[in-house]
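Everything below concerns the one structure shown next.
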Amino acid sequence: MTRPLLEVKNLTTRFRTERGTVTAVDGVSFHVDPGETLAIVGESGSGKSVTALSVLRLIPNPPGRVESGEILFDGTDLLKLDDPGIRAVRGNKIAMIFQEPMSSLNPALTVGLQVAEPINVHRGTPWEKAYEAATELIGRVRIGDAASRLGSYPHQYSGGMRQRVMIAMALACAPRLIIADEPTTALDVTVQAQILDLLKEVTRETGSSLILITHDLGVVARYADRVAVMYGGRIVEVAPARELYARPQHPYTSGLMASVPRLDGGGGRRLMPIEGQPPDLASLPPGCSFAPRCRAILDQCRTAKPELVQVADRHAKACFAHV
C-alpha cells in the first residue's frame, strides 16, 4: 500500500481574540496520496484556508497557533521542523496558490523576478538561468510573449494572468504538493475554467498532488478525485468525488448540493438553501456544530460531537443521523 504524501492527524488551530478563543480548526484529520487531487469544500468560515495555512505553518502568531496534531509530509512532521527547515519546504516541496494574486504578488517587483526568485533561492540556480526558467514557466501557463512580459509589474496583468503567474511560481521548483486556496476567486466563469483546467493539466504532467480549496461544488465534480467537506472547523464527510455526489451521507453535504443550480434545470426542482448561518467559532454549540441548521437533527446531536466514522469503502461521515 502506498504511503500518503501528506497525512494530517488531529490538527487543532486556535486564535486568541478579544471575544475569546476561536477554534478555527478542530481535530481535523485527512490525507493526500501521491498524484491525487483532494478538494476541501465548505462555506466561508468553515476552516478551509486556516487548515491550508496550518500545513505550511503560515498562521500568524500571535494571535494564532497550531496547538496540537501532526502534519506528516513524506514521513516528516512539519510541526517539528525549525524555521530554516520549514522554509526549505515552503515553495520548494509544497507550494501554495493564494486566494487573491494582487495582494500575494509584490507590486514593487517585476513578475520575472518573483517567478525566478524561488528557483534561485531553493535550487541555487544563478539568476540568468533562473530567468530563463521563469520565461519557460510563464509560457507554460499560457501567457503569450513570455520573454517580454517578465519585465512587467503585477498591475500590468489582468486578474486571470496574475493567477497564471501564481501558478507559474508554484511550479517553479517542481513541488510534490500544490495547495490552491480558492484559486478562481473574483475571476469570471470562462477564466475560472481555464485556470482550473491548467491546474489539473500541470499536476497531471508533473505528477504533483493537489489540494483544491473551494466553496464551489461544481468545481469539485470535474476536478477532484476525493472530497473532504468541512463545517465549523471540522471535517464532516470525506469520500471519492463520484461517491459523494451519488450518495451524500451528511445533511450538510446534501444541503450544499441542493442549493447549487444545475444546467439541466434539475427537472424543475427548486433550489433549497441551507437555513441559518454558519456557527460562531468563538462560541460553538456543545454538540454538533450543524445541529441548529439541520433538518435531520436527533436529540444526541445537541449534546455530543459525532466522530468521523466509515460508512462505506473510502467514505466516512461525522453524523448520528441516517441520511
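Table for the structure above
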{"read-out": "In region 52-92, residue surrounded by the fewest Cβ atoms within 10 Å (Cβ to Cβ) [restricted to those that are among the basic types (K, R) and within 21 Å of C173 (Cβ to Cβ)]", "value": "R87"}
{"read-out": "Count - residues of region 285-314 that are under 23 Å from the mean Cα position of the chain (by Cα) and among the aliphatic types (A, V, I, L, M)", "value": "2"}
{"read-out": "Filter result for G20 (surrounded by 18 or more Cβ atoms within 10 Å (Cβ to Cβ) and at pLDDT below 95)", "value": "no"}
{"read-out": "All positions within region 181-210 that are under 18 Å from E100 (Cβ atoms) and in a strand (DSSP E or B)", "value": "D181"}
{"read-out": "The one condition in (1) closer than 30 Å to E67 by Cα; (2) free of Cβ contacts under 8 Å to residues at least 40 places away in the same chain; (3) among the β-branched types (V, I, T) that I297 fails to fulfil", "value": "(1)"}
{"read-out": "Residue list for region 69-87, filter: at pLDDT 95 or above, of a type in the set (G, A, S) and within 24 Å of L212 (Cα to Cα)", "value": "G69"}
{"read-out": "Test: residue in region 188-195 that is buried (at least 22 other Cβ atoms within 10 Å of the Cβ), over 30 Å from I119 (Cβ atoms) and of a type outside the set (S, T, Y)", "value": "no"}
{"read-out": "Selection within region 137-170 - in contact with a Ser or Thr (Cβ under 7 Å, 6 or more places away or on another chain) and either within 17 Å of L196 (Cα to Cα) or assigned to a loop (DSSP other than H, G, I, E, B) (or both)", "value": "L150, G151, S152, Y153, M166"}
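The values are calculated or read from the model by the stated rules, or taken from the named source; none is laboratory data. Note that the structure is predicted; figures quoted are calculated from it, not measured. Note that we place each Cβ from the backbone using ideal geometry, even for glycine, and neighbour counts take in every protein chain shown.
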